[in-house]
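Working notes, beginning with the structure itself.
The values are calculated or read from the model by the stated rules, or taken from the named source; none is laboratory data. Only a predicted model underlies this, so the values are computations on that prediction, with no experimental measurement involved. Cβ placement follows ideal geometry from the backbone for every residue including glycine, while neighbour counts extend to all protein chains displayed.
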């Protein structure tokens, strides 16, 4: 890049702000806000360094939030269409006990239970079909196929079978996470190379010993890859299943009833909670992963 | 991309789903997996029949007990196959329901699965086109601008851990309240869901050429636009197709969930919902299979375009 490029960019931004301000003063305000955030990031990016790298996404996020807040205010957007972030935050704080009880119902009882059962089933199935190449060749294409299907559609059926409470949500989650983890786990069990297996054989390790000491540890990076993908799927499954019927608590229940009452601040508060929970779950899995697969190249820094 | 633990921790959905699909459906690798697949399918169908008998039997026995009759085991089995609202419809009932929905109705009928499928398909395709073009454009921006890269990518990656689908009903209802109904709200959800896999995959793909190739382009005095056109875009195509397959599956799921909010009467999602309200299990299963067939067809179509394109470019493996 030549030195003129950033200056051109600044000029273009200034022109944009000017045009927006001439069009409509409020739009000009928003454009100016955006330009300030963008220029700040441009400066940070040119300075470089670790702190700047961490600060840039923060500045971007704060800019977006500020745009949202101020945009909603200056254009007087009714809260039944888009509540301001401050209103969502206030609602989040005010209804925290209710949101937490929804989280408990949906995340812990529904999603986590189903996630653990589904993972256990998938790992057990992977180990079981590992000794039968015929079954592997038959199950893997079907597993890959099912992974692309809109599985969440079985929610109404499972709600019919298992009732409205968390059991049906857990069942939906089991089905949703089963195939991604199965496919990853089968690949993981095949990840050892012949030399390593020969080594185990020269130590006269039996099937189970070689499984426990070589192949399962070698499969862990694959298993964790599957686990990380399915954290989001588990939450989605549990929430969507609640749209088809649930007891009078749960995030999906709250979202659908609050939408019906046009209480959008509450909907956004629940979504905020779901986002926090999803990120926390993902972070937790990543933390365990770095403990378990500390030997893997991707974990060594 | 392969199913691998070596992938960086981010980019969850895109990675495996992409990895899964890039290997093809399995039967691409000649006929050696046809027999195993058929065997497993046969086992699944058999298990399904057994489950249908087992789950539907209690209703048959209740009916018989209420009528004061005794039924033999054979009668019970026969009765479980032909119920109108079985707990679990037998495979042939679902097949009949599917056939009736596809071929037995006029295409314009409200009971026709072709009609509902078309509603869903059109929203899916509109959203997919919107979301993946936005993803490609933004990816091009990101590989050329360090500021965009550092600002947007962390959020794009983090957004993959957020259950975005949960917002779908709200988007539908809110847009309906400002007078936007029909195809557009669903397409927006589908676009949103297909946007991120394409963005993340294309950023990877556009950065895929190795430094030697970039140096070569520079030694030919190629500008940014020329590097994009002659080097980055062509070498990103395998990544593009892999993420398009993920994106279209996600777009379909998004559309179907977008059809769930009460009041929707059109589309496969609405079919699922009304089936669950009225206990019409055969209708639910038929809609579900229609959705599955649609998903499979869409992914297959992209796979076919991928094979032709990559073969013509000499990139096929």
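The single condition among (1) within 25 Å of residue A:280 (Cα to Cα); (2) more than 20 Å from the chain's Cα centre (by Cα); (3) modelled with pLDDT under 85 that residue A:122 does not satisfy is (3).
Filtered by the rule that a residue be surrounded by fewer than 24 Cβ atoms within 10 Å (Cβ to Cβ) and more than 7 Å from every other protein chain (Cβ to nearest Cβ), the stretch A:234-263 gives A:245, A:247, A:248, A:249, A:253, A:257, A:258, A:260, A:261, A:262, A:263. Return yes when residue A:159 is over 19 Å from the mean Cα position of the chain (by Cα), touching a residue at least 60 places away in the same chain (Cβ under 8 Å), over 22 Å from residue B:253 (Cα atoms) and in the same structural domain as residue A:248 (by TED's automatic domain parsing) and no when it is not. It is false that residue A:159 is over 19 Å from the mean Cα position of the chain (by Cα), touching a residue at least 60 places away in the same chain (Cβ under 8 Å), over 22 Å from residue B:253 (Cα atoms) and in the same structural domain as residue A:248 (by TED's automatic domain parsing).
You will find that of B:288, B:268, B:298, the residue that is buried (at least 21 other Cβ atoms within 10 Å of the Cβ), closer than 15 Å to residue B:115 by Cβ and under 15 Å from the mean Cα position of the chain (by Cα) is B:268 and no other.
Surrounded by 22 or more Cβ atoms within 10 Å (Cβ to Cβ) and either assigned by TED's automatic domain parsing to the domain that holds residue B:206 or under 18 Å from residue B:195 (Cα atoms) (or both): does that describe residue B:147? Yes, satisfied. Against the list (1) surrounded by 19 or more Cβ atoms within 10 Å (Cβ to Cβ); (2) at pLDDT below 85; (3) more than 12 Å from every other protein chain (Cβ to nearest Cβ), the condition residue B:181 fails is (1).
Quick check on the stretch A:90-104. Is at least one of its residues over 19 Å from the mean Cα position of the chain (by Cα), within 12 Å of another protein chain (Cβ to nearest Cβ) and closer than 27 Å to residue B:156 by Cα? The answer is no, given that none of the residues of the stretch A:90-104 is over 19 Å from the mean Cα position of the chain (by Cα), within 12 Å of another protein chain (Cβ to nearest Cβ) and closer than 27 Å to residue B:156 by Cα.
For the stretch A:276-293, filtered to residues that are over 22 Å from residue B:166 (Cα atoms) and within 9 Å of chain B (Cβ to nearest Cβ), the residue that is surrounded by the fewest Cβ atoms within 10 Å (Cβ to Cβ) is A:290.
Does residue B:307 fit the bill of being surrounded by fewer than 22 Cβ atoms within 10 Å (Cβ to Cβ), under 22 Å from the mean Cα position of the chain (by Cα), farther than 25 Å from residue B:186 by Cα and away from chain A (no Cβ under 11 Å)? Yes, satisfied.
Checking every residue in the stretch A:70-89 against the condition of being more than 30 Å from residue B:148 (Cα to Cα), more than 10 Å from chain B (Cβ to nearest Cβ) and at pLDDT 90 or above gives zero matches. Among the candidates B:216, B:240, B:231, B:184, the residue that is farther than 30 Å from residue B:260 by Cβ, under 21 Å from the mean Cα position of the chain (by Cα) and assigned to a helix (DSSP H, G or I) is uniquely B:240. For the stretch A:16-49, residues that are within 14 Å of chain B (Cβ to nearest Cβ) and either surrounded by 13 or more Cβ atoms within 10 Å (Cβ to Cβ) or part of a helix (DSSP H, G or I) (or both) total 14.
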